[in-house]
Amino acid sequence: MSDPPAIHYRLSPSDPGAHLFEVTCTVSDPDPRGQVFWLPAWTPGSYMIRDFARHVVRLRATSGSGAVVVEKTDKQTWRCAPCDGPLTVLYEVYAWDLSVRAAHLDTTHGYFNGTSVFLCTAGKETRPCILDIQAPKGGAYGSWRLATAMQPLEASPHGFGTYRAADYDELVDHPVEMGNFTLLSFEACGVSHEVAISGRHRADTHRLSVDLKRICEHHIRFFGEPAPVDRYLFLIMTVGEGYGGLEHRASCSLLCSRDSLPRAGEKDISDDYRGFLALCSHEYFHTWNIKRIRPAVFTPYDLRHEVHTRLLWAFEGITSYYDELALVRSGLISPASYLELLGQTATRVWRSRGRFKQSVAESSFDAWTKFYKQDENAPNAIVSYYTKGALVSLALDLTIRRATSGMRSLDDVMRALWERYGKTSKGVPEQAVEQIAEEATGLSLGAFFDQALRGTEDLPLPELLAEVGVAFGLRAAESQEDKGGKPASVAADKPAAVLGVRSVPEAGGCKLTHVFEDSAAQAAGLSAGDVLVAVNGIRVSGDKIGKMVGSHGVGETVSLHVFRRDELMEFQVELKAAPLDTCVLELLDAVDESTLACREAWLRGVVKSARALAGPGA
Ligand SMILES: [Zn+2]
């Protein structure tokens, strides 16, 4: 039996000024009942229905005998009339979404995810795909190059030409960047890595390569050599303000502020650069944890509908835990700097009253309609499977370390998941993470998981962190910009009076974006969207609201004038003390030797003795 014929795609940045890609898809043997094509509604790693088909501008079809009638059968599906092959569908895609999730094209560069641009040929999803990527026409684009982790078929390195993918799933898992990007390369554990940086920047590219190499080597060694890829690509888009990342099987797309990249001559790691490295670490860890160790319900992905899983806490939360832990384990940041990051994660969880209402299992399941569609009430109603998922991972790690006297850890659980599900490409059933955790550690963890995953009470982090010589403290926020993680800059003897809101400056005052549950503002009837214009008759100026309110005492009543829509309203607000919702983690100096050894083992990632005792493969 010969191999089934490939599906041929051709993509051309036909009109960069109008943000239009022209795409064709050719099937040599269309379905005799009429070939159906569809475009994904979502893209793996970003759990929201985005309906990429809304950007298909016009679509028509031809076969050997001329034009073929096309009928649209739902928001993202087209059926061609029965015809002899080859059948070619031709369409344009409007690409003006500068994010890691969709497609973007202008006269400076082009970027796309396959889920935004490539129709899937129904019934032929497993066919190999051949993609011809054409250069934009015109001398202005003569210097454009191309970066993708897709296998070239007939293309010079970084050149336009033909590429191939084993099937549709792979075709849409290799994003493509084209333009005049900065290209860096390094080797990590024998694997060739490249970094393509688009957008204006002045980054110290040598330092970036050196630091990324350490992160990549850490993750490869964590799961065990050889790496699951033979090459890897970081696609970085730098902008003024922006943040985002999306994982793929042999690459990742990152959007970051150009100021988060290090400049030549800088030696220290700025907070922004530390955040950027954590983002790179996060997406790279996904190469194992979700791209290969992946939920059974995503095997294969159904890209036409929402797919629900209660496991996002494990794929995003565990990844969020290890992305920062890898920075301290690889020596890029100090233990104190790591604890600051961990304290900021805990602060984000402690500031959300939604943590008492939604479990991380529920948060995972409802990602599509809650986490990805957050409104002004989100802090009161939901919990993040990223941040609480990271704290669950920390609590699980420390619980295992305590119960096994340091002989086992979450590291062993991850390696067991990799052996069982990653290397074999078997999907992870919904109960399997909990089962593997018990098998890999020999512990009964049912009660832990019931509380941490399906419960809503706070995790016992103060006790668990004490076991590794770390103090967990809570204090009041000093300002809206206070992210937590470090002690107060000014020692305050008692918390200040607050309204219990978040706000942004607005002409003539400030606009409330969030009103927190059980706050003074909520009790008085203030609402998100209200524009606060005066406190006790004095005009509010932009970002001064915290100071204006803080100058009053706890329990004091102030009069607030606000515009709700176009109506001026007055509220009497009895101020409350700022809640203790800002977490501070600190290394304890006076700890005994065994606590110190536990902390070292945790922060250095060294295996205390278990593997040495049990031998390789334990
Ligand atoms: Zn992630």
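Read the figures in this text as sums done on the coordinates, not as results from a lab. What you see is a predicted model; the values in this text were computed from it and never measured. Methodologically, a virtual Cβ is constructed for each residue, glycine included, from the backbone with ideal geometry; neighbour enumeration extends over all protein chains shown.
In degrees between 0 and 90, to the nearest 10, how far off the longest principal axis of the chain does helix 318-329 point, with axes built from Cα atoms?
70
Which one, Leu445, Pro175, Leu560, projects farthest toward the positive side of the charge dipole computed for the chain from Cβ point charges (K/R +1, D/E -1)?
Selected residue: Pro175.
Evaluated at 10 °C with a viscosity of 1.306 mPa s, what Stokes-Einstein diffusion coefficient in µm²/s does segment 486-618 have when Rh comes from the Kirkwood expression over alpha-carbon pairs?
Translational diffusion coefficient: 87 µm²/s.
Calculate how large, on average over all directions, the projected area of the Cα convex hull of the chain is; give the answer in nm² to one decimal.
32.0
Where q = 0.18, 0.21, 0.24 Å⁻¹, what log10 of I(q)/I(0) comes from the Debye formula for segment 157-258, counting one point per Cα?
Each listed q maps to, in turn, -0.97, -1.26, -1.46.
Percent antiparallel among DSSP beta bridges with both residues in segment 53-203, to the nearest 5?
Looking only at bridges with both residues in segment 53-203, the antiparallel portion is about 100 percent.
To test your reading of the geometry: what angle, between 0 and 90 degrees and rounded to tens, separates the Cα axis of helix 205-223 from the longest principal axis of the chain?
90
Can you give the translational diffusion coefficient of segment 93-134 in µm²/s, computed by Stokes-Einstein from the Kirkwood radius over Cα pairs at 4 °C and 1.567 mPa s?
The Stokes-Einstein estimate is 110 µm²/s.
Would you give the gap between the C-alpha center of segment 512-553 and the C-alpha center of segment 478-497, rounded to a whole Å?
18
Can you grab the distance from the C-alpha centre of segment 429-448 to the C-alpha centre of segment 114-163, Å, no decimals?
Centre-to-centre (Cα) distance: 43 Å.
To make sure I understand, if each residue's beta carbon is the centre and we count other beta carbons within 10 Å, what order do Thr62, Thr309, Thr73 fall in, fewest to most?
With the sparsest Cβ surroundings first, the list reads Thr73, Thr62, Thr309.
Taking the alpha-carbon distance from Lys370 and a cut-off under 19 Å, which lysines remain once sequence neighbours fewer than 8 residues away in the same chain are dropped?
Lys357, Lys388
In whole Å, what are the extents of segment 330-408 along the principal axes defined by its C-alpha atoms, from largest to smallest?
Extents along the principal axes: 41, 27, 20 Å.
Hey, got a sec? Which GluC sites (Glu not before Pro) in segment 300-393 land in a DSSP loop and have at most 16 other Cβ atoms within 10 Å?
Passing sites in segment 300-393 are Glu306, Glu376.
What is the sum of charges around Glu283, taking Lys and Arg as +1, Asp and Glu as -1, for the other residues whose C-beta is under 11 Å from the C-beta of Glu283?
Overall, the nearby charge balance is -1.
For the pair Asp230/Lys72, report the inter-label distance in nm, with labels modelled 7 Å from Cα in the Cβ direction.
Going from the Asp230 label point to the Lys72 one covers 4.2 nm.
Restricting to segment 223-363, compute how many DSSP beta bridges are antiparallel as a %, nearest 5.
Just about 35 percent of them are antiparallel.
Exactly which trypsin sites (Lys or Arg not before Pro) in segment 1-102 are in a DSSP loop and have at most 13 other Cβ atoms within 10 Å?
Those satisfying the criteria are Arg33, Lys75.
Looking at segment 210-259, which GluC sites (Glu not before Pro) are DSSP coil and have at most 11 other C-beta atoms within 10 Å of their C-beta?
Of the GluC sites (Glu not before Pro), the ones in loops of segment 210-259 whose Cβ has at most 11 other Cβ atoms within 10 Å are Glu241.
Rounded to the nearest 0.05, what FRET efficiency do Ala81 and Ser14 have when you use their Cβ-Cβ distance and R0 = 22 Å?
In this case the efficiency is close to 0.25.
Per residue, how much space in cubic angstrom lies within the convex hull of the C-alpha atoms of segment 406-479?
With only Cα atoms used, segment 406-479 gives 153 Å³ per residue.
Can you tell me the mean projection area, over all orientations, of the convex hull of segment 68-225's alpha carbons? Units nm², please.
With every direction weighted equally, the projected area is 12.4 nm².
Starting from the 7 Å offset along Cα-to-Cβ, what nm value, one decimal, do you get for the label separation of Cys189 and Ala488?
4.6
Which percentage, to the nearest 5, of the DSSP beta bridges contained in segment 132-238 is antiparallel?
Approximately 70 percent, going by the DSSP bridge assignments.
Using alpha carbons only, how many degrees (0 to 90, rounded to 10) separate the axis of helix 335-350 from the longest principal axis of the chain?
Long axis of 335-350 versus the principal axis of the chain: about 90 degrees.
Among the listed pairs Lys213/Lys483; Lys75/Lys291; Lys213/Lys373; Lys483/Lys511; Lys494/Lys544; Lys486/Lys511, which are separated by more than 24 Å between their Cα atoms?
Lys213/Lys483; Lys75/Lys291; Lys213/Lys373; Lys486/Lys511
Let me know the Kirkwood hydrodynamic radius for segment 400-551, please, with Cα pairs as the basis and the value in Å to one decimal.
20.0
Relative to the present Cα-Cα distance, how much length would full extension add between Thr162 and Thr557 at 0.36 nm per residue of separation?
135.2 nm
For every other residue with a beta carbon closer than 9 angstrom to the beta carbon of Gly446, add +1 if it is Lys or Arg and -1 if Asp or Glu, then tell me the sum.
So the environment of Gly446 carries a net charge of -3.
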